[in-house]
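A quick write-up on the structure given underneath.
The numbers here are math on the coordinates, done by the rules we state, and not lab data. It should be emphasised that the depicted structure is a prediction, and the values quoted were computed from it without experimental measurement. Neighbour counts are summed over all protein chains in view; Cβ atoms, including those assigned to glycine, are modelled from backbone coordinates with ideal geometry.
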Amino acid sequence: MAAVKAKSLKLAPVLIVAATTLVVCIFQALPRFSPHADAFERLEWMTYDWRVRQAFESKPPVATNLGALFIDDEDLQIINEQMGFKWPLPRRLYGRAVERLTAEGAGAIGFDILFSELDTPRPETNLKRGGVEMSSDEYFSQQLKAAGNVTLAAFGETLGDKWTAIAPADLFRTNAFAVGHATSDTDSDGVLRRTRAFKDDPKIGRIWHLGIVLAARSLGLDLTQAVIEKGRITLRGAGGVERVIPLDHEGYFHVNWSLAWNDPRLTKGALREMLRAKSEDDPDWRGKIVVIGSIGAGNNISDIGASPLDRDTYLVSKHWNVANSVLMNDFITRSPYGLELVLILLLAAASAAVSLKLQPPWATVGVAVAGAVYVIVALLLFVKFHYWLPIILPVGGGLLLNHVSLATYQLLFEQSEKRRVKAVFSRLVSPDVVNELLGAEKLNLGGGRRHITVFFADVRGFTEMTDAMQSRAEEFVRTNKLEGAEAEAHFDASASATLATVNIYLATIADQIKKHNGTLDKYIGDCVMAFWGAPVPNDNHAAACVRAAVDAQRAMHRLNLERAEENKRIENENQGRALYGKPPQALLPLLSLGTGINSGVAIVGLMGSNEHILNYTVFGREVNLASRLEGVSGRGRIIIGESTYQELLKHAPELAATCVPQAPVMVKGIKAAVNIYEVPWRESAPAAGPAHPAEVEGTMFLRNRT
């Protein structure tokens, strides 16, 4: 039978950890093959958003040349009241803004507004410049060309693998510095976390992100010479300027949300300010990268969506956050797939080690601490270095799920093993020993050599008592002329009384064995067999056994005194019964105890099978010698072997000092004479002398136990 290791790593826990970890790894890989299987990725996004907010609260350094020119509801109201224009505003107003910003030294201008069609010329929107009347669109295109630093927005939609641009009208596109895409590539939960660095349109060609275009102009990066590789885009410019944009496995880069739409570190203004004369309170636009966009509330002009910072924010802010990443060379890098896989495996191994080595609830505490440490490290890496380590699958899957799986296994399966151990030993040893067994780090029930002390105690007088009770029953049947069922009933009652008597004595002995934490092996007729030193190791096994033997003799003596008192009562009652011609009641038998004890190395383990009789027992030469010494003991005596006496000298010298040497005896199965000692148990009477050889020999031939 295999060794039971209640807390050690076995095949079943290994398989559980392997299966659980495999499932976690499958969930990690699923989004790469099926974008809709993103349940755990969505949970990871939630932890990502939390880290983005924590990083934002730390106020990281940002570029100082970012600006925003907003079109808000107040702009629309003033323009309507003073100029009579409604939304969509005539392009002449945007042209005026470009003219003013250029005159004030703006470094680059970007529009988050789509100019996909030309306006129908209207007299009320035309204007004169240099004595020449021109349309609103013509004026706007002239200012785009004159400025030479304006990037217009292109939007679009993805159909299959192709993205089709909704680009500015040719009049504007050909006069602008560049076109940048302003599409919000939200994740499946509607949150804008990442975007494409560029999009390829079948007609226009490559369109870089508006924020990248603005930052590239400011830094002098040449987008036409970009090196595009798997997982990265490298941009280079004059003077050795270089920026490397990390990409995920789908070709997206994550927006580093370092600036809110109303961040005080932005240079901010309103469109209405561009339509009047400059004042001293107006912002300083020199060298600024200015994004022009709407923050109005109307359905036609609002561009509100979710970002990691806020569930409702003006998405025009994505452009200066992208530009800021390029300017500051501060990008978010997600750990590669291989590293995420390694983290899952490492945390799974850590979870298994902690769960199997530590006792509850410390295993759960250990796993919780490990998870907390990992989360803190992941948070610090993001806040300090913008490095994104996954949390959900490594911690929730590799660490926690494995711990829960192993804890469930231990609860359901290992508890059944404990129930099995308890079932085997609950009647053999004391509750304290059972609890010690259940809490043992390693428990070997399958067989092994152990240094133990063996105890045999035989109830003397049992055979005589049985014969006497049988004779009385037969006499009663004859005297009362009982036949058939009545006779059988009387014989059964006599046998039951005989068994009850011997059980009282055997139970008295067993109680003392358990009291001293011994293992009750078996009953052999009217004999009790027990041992100390297994299954729980005990250096004082000899002393515990001898003390149990002493207490058993004393308990038997007290029991006999009680039964003797009861016999006096029965005798008095029998005198009364005789006067009425009633048969006398039988007196209670008084039995004695002979005990043999020996110590040494024996084979210990479970014998039998789960399907039939299963017994935890011992066997070997030292066990046989203990049985022979029980035969030597006679009535009311405790006889121990030399090895037990030597154990007492080492571990219980005060008990060894009470032992009385006896004449060496010859016992069956052993060639040389055996040294023996008697242990006195009466609290006041002197110890008995050496056993008479004839008594020893006679007893030995009466008992023929191997």
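Kirkwood hydrodynamic radius for the stretch 119-158: how many Å is it when counted over pairs of different Cα atoms? Radius from the Kirkwood sum: 11.9 Å.
A Förster distance of 60 Å, applied to the separation of the beta-carbon atoms of Ile603 and Val227, puts the FRET efficiency at 0.20. Taking a Cβ cut-off of under 12 Å around Lys230, the surrounding Lys, Arg, Asp and Glu residues balance to a net charge of -2, with basic ones at +1 and acidic ones at -1. Fewest-first ordering of Leu89, Leu380 by other beta carbons within 10 Å of each residue's beta carbon gives Leu380, Leu89.
Summing Cβ point charges (Lys, Arg +1; Asp, Glu -1) relative to the Cα centre of the chain gives a dipole of roughly 1420 debye. With θ taken as phi - 60° and the Karplus curve 6.51 cos²θ - 1.76 cosθ + 1.60 applied, the whole-hertz 3J(HN,Hα) list for the stretch 449-461 is 8, 9, 8, 9, 10, 10, 10, 10, 9, 10, 7, 7, x Hz, x standing for glycine and proline. Modelled label positions at Val369 and Ala277, each set 7 Å beyond Cα in the direction of Cβ, lie 7.4 nm from each other. When the listed pairs Lys162/Lys384; Lys514/Lys650; Lys128/Lys199 are checked against a 31 Å cut-off, the alpha-carbon distance exceeds it for Lys162/Lys384; Lys128/Lys199.
For Lys515 and His557, a Förster radius of 25 Å and the Cβ-Cβ distance give a FRET efficiency of 0.95, rounded to the nearest 0.05. With 0.36 nm allotted per residue and the present C-alpha distance subtracted, the Ala353-Asp330 stretch has 4.4 nm of extension available.
Cβ-Cβ distance of Asp492 and Arg682, R₀ of 51 Å, FRET efficiency by 1/(1 + (r/R0)^6): the value works out to about 0.85. Ranked by how many other Cβ atoms sit within 10 Å of their own Cβ, fewest first, the residues Ser58, Ser141 fall in the order Ser58, Ser141. Which helices pass in the chain if a helix is a full DSSP H run, must span at least 27 angstrom along its long axis by Cα, and must have mean Kyte-Doolittle hydropathy not below 0.0? Qualifying helices, which must be both long enough and hydrophobic enough, are 11-33, 337-357, 362-385, 484-515.
Reported to the nearest whole Å, the Cα centre-to-centre distance from the stretch 8-45 to the stretch 378-405 is 14.
Labels on offer are (i) 14, 27, 16, 13, 14, 12, 5, 0; (ii) 17, 47, 29, 7, 0; (iii) 16, 44, 31, 8, 0, and the one holding P(r) over Cα pairs in 20 Å bins from 0, in percent computed from this structure is (i).
DSSP beta bridges fully contained in the chain are about 70 percent antiparallel. Between Leu499 and Met46, the contour length at 0.36 nm per residue exceeds the Cα-Cα span by 155.7 nm.
Listing Ser599, Ser136, Ser188 from fewest to most neighbouring C-beta atoms within 10 Å gives Ser188, Ser136, Ser599.
Once you reduce the stretch 184-211 and the stretch 472-512 to the center of their Cα atoms, the two points are 99 Å from each other. Per-residue extension of 0.36 nm, minus the Cα-Cα distance of Thr164 and Lys650, leaves a gain of 165.6 nm for this segment.
For the pair Asp310 and Ala19, label points projected 7 Å from Cα toward Cβ lie 5.0 nm apart. Spin-label model, Arg53/Arg122: points 7 Å from Cα along the beta carbon direction are separated by 4.4 nm.
For Lys357, the aspartates and glutamates whose Cα comes closer than 19 Å to its Cα, not counting residues fewer than 8 places off in the same chain, are Glu414, Glu417, Glu436, Glu441.
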